[in-house]
Amino acid sequence: MRDNGIFASNDDYRCEQCDKSIGPNNNLFMRRARLVISGNVSDHVAVYIQPDFASASGTGLHFAQLRDAYFDLSFDKKKEHRIRAGQSKIPFGFEEMQSSQNRLDLDRTDALNSAFPNERDIGVFYYWAPARIRTRFSDLVSRGLKGSGDYGVVAAGLFNGQLVNASESNNDLHYVARYSYPFQLRNGQFIEAGIQAYTGKYDVLSRTPGVKGLPDFRYDDRRVAASLIVYPQPFGFQTEYNWGTGPRYNPATKFIDQKALNGGYATVSYMRHFPHGVVVTPFLRFQYYSGGKKQELDARKALVREADLGIEAQFGKYIEVTPQYQKGDRTSEDALDPVNRQKGSLLRVQLQFNY
């Protein structure tokens with residue numbers, strides 16, 4: 001549960017891709033309400049279903065929406081080789097893989113998350129990791145080190161490409177590949193490095209009447225990204241950057257062009273453990289993104305420079321409070337709002353129950 005209205009210097013400073021309750025006339029807001037149904041059907045087949053009961057639709061709140069619905073088929077007893085089929089996370093980026101209950105910052109960055117808002121699509125993916133590294137992936141989460149979970153050392157697959165809970169609109173599949181390895185140094189420090197890329201065709205379906213574009217409004221959708229994570233022991237550092245191409249609105253010509261994009265973020269943190277299971281982690285994140293937002297109206301032209309300063313306080317395994325101060329400069333331009341640059345700051349607070 002969040003409150004983004006404690007302090008806001010500019011009511012027009014918003015982020016459609018992030019938390020839609022940022023802005024005027026919003027107080028307490030349920031950001032997520034998710035329950036997981038999972039289990040092992042056999043030694044080689046596992047299922048996972050996750051609905052969210054706090055999805056928004058227009059001005060309405062708390063609609064149920066499917067997030068995950070997939071099964072894993074493993075080919076060996078150690079489950080080092082797996083095929084995942086259904087609706088699940090796309091293996092692209094560390095932050096995208098990281099569960100929201102583990103992430104420090106309240107929202108994912110525009111730079112990486114603009115590739116796949118809600119991080120999911122219907123597809124088939126192959127994952128491989130040695131058993132000892134699978135255990136390491138699990139330990140990085142269970143020890144509270146903000147791990148991403150087990151999405152393999154090597155991942156590759158194909159998926160529709162029109163984003164989560166959206167019908168496919170062309171006959172072109174998207175393809176993705178990822179390599180990410182968590183090293184452990186002799187002093188016990190964990191460092192993870194990764195590289196990932198995807199390619200496909202994306203159709204811009206949300207358009208203002210009169211806006212022009214490429215034939216069928218179909219665009220190349222390609223990115224490559226690099227990741228480096230130094231897990232907080234106690235100092236942490238996390239950075240990712242991606243480059244690519246995609247649709248982007250041009251206010252001067254009222255045309256959706258094929259344009260280059262780039263952006264990334266860097267987060268520094270310090271994790272301190274106290275008695276009785278209390279863990280306090282102050283953090284500072286900077287992000288930058290220049291490119292289009294393919295999922296938004298007219299593939300909005302975006303330029304984002306933003307900084308977040310927060311403190312995550314965990315009280316045992318189940319309760320977490322995070323106040324976060326945000327300050328930035330956002331440009332978001334489409335045919336209905338062709339000149340829209342907003343600067344602002346706000347104080348946000350999140351209360352989270354984990355299970």
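I'm trying to understand the selection: among the residues of the stretch 334-355, which are closer than 30 Å to Ser38 by Cα and part of a strand (DSSP E or B)? Write out each step before concluding.
As a first pass, look at the stretch 334-355 and keep what is closer than 30 Å to Ser38 by Cα: 350-355.
Gln350, Leu351, Gln352, Phe353 - these are the residues of the stretch 334-355 that are closer than 30 Å to Ser38 by Cα and part of a strand (DSSP E or B).
What are the residues in the stretch 167-209 that are free of Cβ contacts under 8 Å to residues at least 12 places away in the same chain and of a type in the set (Lys, Arg), if any?
Arg186
Here is a list: Lys20, Lys77. Which entry is among the basic types (Lys, Arg), at pLDDT below 95 and exposed (fewer than 12 other Cβ atoms within 10 Å of the Cβ)? Lay out the reasoning, then the answer.
Numbers: Lys20 fails: exposed (fewer than 12 other Cβ atoms within 10 Å of the Cβ).
On inspection, the qualifying residue turns out to be Lys77.
Please verify whether Val349 is at pLDDT 95 or above and within 22 Å of Asp3 (Cα to Cα), treating the condition exactly as stated. Talk me through it step by step, then tell me what you get.
On the way: at pLDDT 95 or above: yes; within 22 Å of Asp3 (Cα to Cα): yes.
Yes, satisfied.
Among (1) crowded, with 20+ Cβ neighbours inside 10 Å; (2) in contact with a Lys or Arg (Cβ under 9 Å, 6 or more places away or on another chain); (3) more than 13 Å from Ser180 (Cβ to Cβ); (4) not aliphatic (A, V, I, L, M), which single condition is Thr199 missing?
For Thr199, the exception is condition (1).
Do we have Asn4 as polar (S, T, N, Q) and outside any strand (DSSP E or B) here? Please lay out each step first, then the result.
Details: polar (S, T, N, Q): yes; outside any strand (DSSP E or B): no.
No; evaluated as a whole, the condition is false for this residue.
Taking the residues in the stretch 23-34 that are surrounded by 11 or more Cβ atoms within 10 Å (Cβ to Cβ) and touching a strand residue (DSSP E or B) at 6+ places or on another chain (Cβ under 7 Å) as candidates, determine which candidate is farthest from Gln350 (Cα to Cα).
If we filter the stretch 23-34 for residues that are surrounded by 11 or more Cβ atoms within 10 Å (Cβ to Cβ), which is where we start, we get 23, 26, 28-34.
Next, only the ones that are touching a strand residue (DSSP E or B) at 6+ places or on another chain (Cβ under 7 Å) stay: 26, 28-34.
Numbers: Asn26: 14, Leu28: 10, Phe29: 9, Met30: 10, Arg31: 9, Arg32: 11, Ala33: 13, Arg34: 16 Å.
Checking each candidate, the answer is Arg34.
Considering the stretch 240-275 alone, what residues qualify as being within 19 Å of Ser332 (Cβ to Cβ), out of contact with any Ser or Thr (no Cβ under 7 Å at 6 or more places or on another chain) and of a type in the set (Phe, Trp, Tyr)?
Tyr249, Phe255
With Tyr241, Tyr318, Tyr289 as the choices, which residue is among the hydroxyl-bearing types (Ser, Thr, Tyr), at pLDDT below 95 and out of contact with any Pro (no Cβ under 6 Å at 6 or more places or on another chain)? Working first, answer last.
Details: Tyr241 fails: at pLDDT below 95; Tyr289 fails: at pLDDT below 95.
Only one candidate qualifies: Tyr318.
Here's a check for you: in the stretch 210-225, which residue that is free of Cβ contacts under 8 Å to residues at least 40 places away in the same chain and surrounded by fewer than 17 Cβ atoms within 10 Å (Cβ to Cβ) is farthest from Phe116 (Cα to Cα)? I'd like the intermediate steps shown before the answer.
Applying the first criterion (free of Cβ contacts under 8 Å to residues at least 40 places away in the same chain) to the stretch 210-225 yields 215, 217, 220, 222, 224.
Filter once more, keeping what is surrounded by fewer than 17 Cβ atoms within 10 Å (Cβ to Cβ): 215, 220, 224.
Working: Pro215: 23, Asp220: 14, Val224: 13 Å.
Per the criteria, the residue is Pro215.
Each row is one residue, and each column tells you yes or no for (1) modelled with pLDDT of 95 or more; (2) in contact with a His (Cβ under 9 Å, 6 or more places away or on another chain); (3) under 25 Å from Gly328 (Cβ atoms).
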{"site": "Arg2", "(1), (2), (3)": "no, no, yes"}
{"site": "Ser9", "(1), (2), (3)": "no, no, yes"}
{"site": "Glu16", "(1), (2), (3)": "no, no, yes"}
{"site": "Leu28", "(1), (2), (3)": "no, no, yes"}
{"site": "Thr59", "(1), (2), (3)": "no, no, no"}
{"site": "Phe63", "(1), (2), (3)": "no, no, no"}
{"site": "Leu73", "(1), (2), (3)": "yes, yes, no"}
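I'm trying to understand the selection: among the residues of the stretch 49-103, which are without any contact (Cβ under 8 Å) to a residue 12 or more places away in the chain and touching a strand residue (DSSP E or B) at 6+ places or on another chain (Cβ under 7 Å)? Give the derivation first.
Taking the stretch 49-103 first, the residues without any contact (Cβ under 8 Å) to a residue 12 or more places away in the chain are 55, 57-60, 63, 76.
Scanning the stretch 49-103 gives Ser55, Ser57, Phe63.
Of these, Asp72, Asp52, Asp121, which one is closer than 24 Å to Glu312 by Cα and in a strand (DSSP E or B)? Full working, then the answer.
On the way: Asp72 fails: closer than 24 Å to Glu312 by Cα; Asp121 fails: closer than 24 Å to Glu312 by Cα.
Every option except Asp52 fails the conditions.
The values are calculated or read from the model by the stated rules, or taken from the named source; none is laboratory data. Since the structure is predicted, the reported quantities are computational estimates derived from the model, not experimental observations. Because the Cβ atoms are built from the backbone with ideal geometry, glycine has one as well, and the counts that use them run over all protein chains shown.
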